[in-house]
Amino acid sequence: MGKPTAERPHGVPPPTLHLPLDQASANWIFQVVSRRYERGSIVLTSNRGFGDWNQVFADPVVASAIVDRLLHSATVLNIRGASYRMRNYVAQQKLRGGGAMVG
């Protein structure tokens, strides 16, 4: 983990939006998950299924190891449907009389 700062008191860097993650990022996430494995809870959200994680991480072996540790003794909540942000966007577009582009 990174060094704690005023902006990041737990030393956790801000989330990255660059996919696929590079090898260093994949290794860092593996280290975090491994250190928490069977010691405490991890709450994680993703818009990708676990089967797609080999496309998210640079190394499919690391992706498999992360998924393996996360799913062991896990409770997985799979929520389907439009997100609240998307629902709000569509509602705002309807109020303005415009069409919403939803893919």
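With Leu71, Leu95 as the choices, which residue is in contact with a helix residue (DSSP H, G or I) (Cβ under 8 Å, 6 or more places away or on another chain) and either modelled with pLDDT of 85 or more or closer than 24 Å to Arg39 by Cβ (or both)?
On the way: Leu95 fails: in contact with a helix residue (DSSP H, G or I) (Cβ under 8 Å, 6 or more places away or on another chain).
That would be Leu71, the only listed residue that is in contact with a helix residue (DSSP H, G or I) (Cβ under 8 Å, 6 or more places away or on another chain) and either modelled with pLDDT of 85 or more or closer than 24 Å to Arg39 by Cβ (or both).
Quick one: which helices (runs of 4 or more DSSP H) sit completely within segment 19-103 and have at least 3 residues that are of a type in the set (Val, Ile, Thr) and surrounded by 12 or more Cβ atoms within 10 Å (Cβ to Cβ)? Walk me through it before giving the result.
Details: elements: 23-36, 53-56, 60-71, 84-96.
Filter on segment 19-103 gives 23-36, 60-71.
Taking the options Ser46, Ser34, name whichever one is among the small types (Gly, Ala, Ser) and modelled with pLDDT of 90 or more. Steps first, please.
Details: Ser46 fails: modelled with pLDDT of 90 or more.
Being among the small types (Gly, Ala, Ser) and modelled with pLDDT of 90 or more holds for just one of Ser46, Ser34, which is Ser34.
The values are calculated or read from the model by the stated rules, or taken from the named source; none is laboratory data. A quick note: this is a predicted structure, and the numbers were derived from the prediction, not measured. Cβ: placed from backbone, ideal geometry, glycine included. Neighbour counts: every protein chain shown.
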